[in-house]
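Visitor: Got a structure here, written out as structure tokens. Questions coming.
The values are calculated or read from the model by the stated rules, or taken from the named source; none is laboratory data. Here the structure is a predicted model, which is why all the values come from computation and not from measurement. Neighbour counts run over all protein chains shown; Cβ positions are idealised from the backbone, glycine included.
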Amino acid sequence: MYCGSCLRDNALAAELLRRGHDVLLTPVYTPTRTDERNVSQGHVFFGGISVYLEQHAPLFRYTPRFLDRLWDSEWALRLATKRQIPVNPRSLGELTVSMLRGERGFQRKEIGKLLDWLRREPSFDVVNLPYALLLGLAEPLRRALKTPICCTLQGEDLFLDGLGEPFRSQSLNLIREAAAHVDAFLPVSQYYAEYMPKYLRIPASKMHVAPLGINLEGYLPAVIPPTPPVLGYFSRMCQAKGLDTLVEAFIKLKARDEFKNLKLRVGGGMGPSDKIFVDNLKSILAKHKCLGDTEFCPNLDRAQKQAFLRSLTVMSTPALYGEAFGLYVIEALASGVPVVQPRHAAFPELIEATKGGLLCEPGNPTALADGIEQLLLDTRKARAMGEAGRNAVLQNFSVERMARDMVEVFQEVSQRHPHSRLSPLNSQPR
């Protein structure tokens, strides 16, 4: 599957490079997988095999680096992940705590490798960690590089809440401890900027909202609206994203005389841990004689994703949890497709900013069906929302705008730092 964090970070790094900044995008655990040109470094730090071995077998915490290169190599990591190993947050509790302990954890050797490599690079003006689960690196990086540390916040609470106790509480305490070494947190929405200080118990004064943006190349509206109408879903095919809620809403719509010909297309990531869930949904659809009007399109590449979105009349990904942003909403609107989303988390903020859809009661399939029905029956309204949403995305949710926002924060924290090499008049952060 494509990783949302990888897609976002790669797009951001590519745009910063295009603007003339000096950027190193360094993958951890496994090589990055992105649907655009990959600008990350070839070497993977904290290789997933090494991290696992060091967690579970004390011998590997002391093996020489020349041996580590065998299982840290790109071919070994790609081989290890070839079968799309399922990632269960609950089973990763001990490893998450160990990584957040930083140099006090079992992966201390891996931190040493990273610092040795970074010291050989030209001086950095800022280091940005992609999510709070890597905050065990904040203090070592700040100490070794004498540079400010930023950290993007983009959905960590879902993973942390899934860890179970005692790992959830231990992880939260370690994140709060490490937050002292972070100069700025960059939540991806205003909702998350207000939620995470309370959740993590970190100062709200450190929050700098930096909404996500996408590379708009290839996102175009359909020339001719789809006939018959198509209801779409695009995200990981799992319960947390509300796919079963949408399926139930679809079945309700199909029972209404006006929508006998309605189709459902489901796109997005599907790994081994999702297959049982999807197979169960197919059984439910078959029971209601709706499976023949449903198509599942897993693990699409960029061109396939864009063609998928253009094939939709309305899209809904009714996530049940507190979605930090919802990149799929922006991608649908960039394709001129209006959305119907739950009235919670970041969705009201996105709908207000784009005028690209409707809100409904969260977790209520009937309310969701009613909202979708409004747009299916009033094609003029749906088209106007799709156009408004697309215009708003072009103006406010591009990768260019995201890069500008990030650079502003990077410049601010760099100029405040005692070792800053930047001046307000000449600032191209590295």
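Visitor: Filtering segment 116-132 down to residues that are hydrophobic (A, V, I, L, M, F, W, C) and modelled with pLDDT of 95 or more, which residue is surrounded by the most Cβ atoms within 10 Å (Cβ to Cβ)?
Guide: Filtering first and then ranking leaves ALA132.
Visitor: Any idea which residue in segment 266-293 is surrounded by the fewest Cβ atoms within 10 Å (Cβ to Cβ), counting only those that are touching a residue at least 60 places away in the same chain (Cβ under 8 Å) and within 19 Å of LYS305 (Cα to Cα)?
Guide: The extreme case among them is GLY271.
Visitor: So ALA303 ticks every box in (1) surrounded by fewer than 16 Cβ atoms within 10 Å (Cβ to Cβ); (2) touching a residue at least 40 places away in the same chain (Cβ under 8 Å); (3) under 30 Å from ASP161 (Cα atoms) but one. Which box is left unticked?
Guide: (3)
Visitor: Anything in segment 246-262 that is outside any loop (DSSP other than H, G, I, E, B) and in contact with a Phe, Trp or Tyr (Cβ under 8 Å, 6 or more places away or on another chain)? List them, or say none.
Guide: Result: LEU246, LEU253.
Visitor: Would you check if ASP161 is of a type in the set (D, E, K, R) and under 26 Å from ALA11 (Cα atoms)?
Guide: no
Visitor: On to the next question. Please pick out the residue among LEU243, LEU253, LEU160 that is aliphatic (A, V, I, L, M), in the same structural domain as THR366 (by TED's automatic domain parsing) and within 19 Å of the chain's Cα centre (by Cα).
Guide: So the residue among LEU243, LEU253, LEU160 that is aliphatic (A, V, I, L, M), in the same structural domain as THR366 (by TED's automatic domain parsing) and within 19 Å of the chain's Cα centre (by Cα) is LEU243.
Visitor: Are there any helices (runs of 4 or more DSSP H) wholly within segment 123-216 with 2 or more residues that are over 23 Å from TYR321 (Cβ atoms) and touching a helix residue (DSSP H, G or I) at 6+ places or on another chain (Cβ under 7 Å), and if so which?
Guide: Of the helices (runs of 4 or more DSSP H) lying wholly inside segment 123-216, those with at least 2 residues that are over 23 Å from TYR321 (Cβ atoms) and touching a helix residue (DSSP H, G or I) at 6+ places or on another chain (Cβ under 7 Å) span 138-145.
Visitor: Could you check segment 366-391 and list, in sequence order, the residues that are surrounded by fewer than 19 Cβ atoms within 10 Å (Cβ to Cβ) and under 24 Å from the mean Cα position of the chain (by Cα)?
Guide: ASN391
Visitor: Also, quick follow-up: Looking at LEU216, LEU212, LEU220, which one is crowded, with 21+ Cβ neighbours inside 10 Å and either farther than 27 Å from SER169 by Cβ or without any contact (Cβ under 8 Å) to a residue 24 or more places away in the chain (or both)?
Guide: LEU212
Visitor: May I ask you to list the residues in segment 314-346 that are over 18 Å from ASP378 (Cβ atoms), touching a residue at least 40 places away in the same chain (Cβ under 8 Å) and part of a loop (DSSP other than H, G, I, E, B)?
Guide: Listed by number, the residues that qualify are THR317, PRO318, ALA319, LEU320, TYR321, GLY322, GLU323, ALA324, PHE325, SER335, ALA345, ALA346.
Visitor: Scan segment 352-365 for residues that are surrounded by fewer than 22 Cβ atoms within 10 Å (Cβ to Cβ) and not in a strand (DSSP E or B) and jot them down.
Guide: GLU352, ALA353, LYS355, GLU361, PRO362, GLY363, ASN364, PRO365
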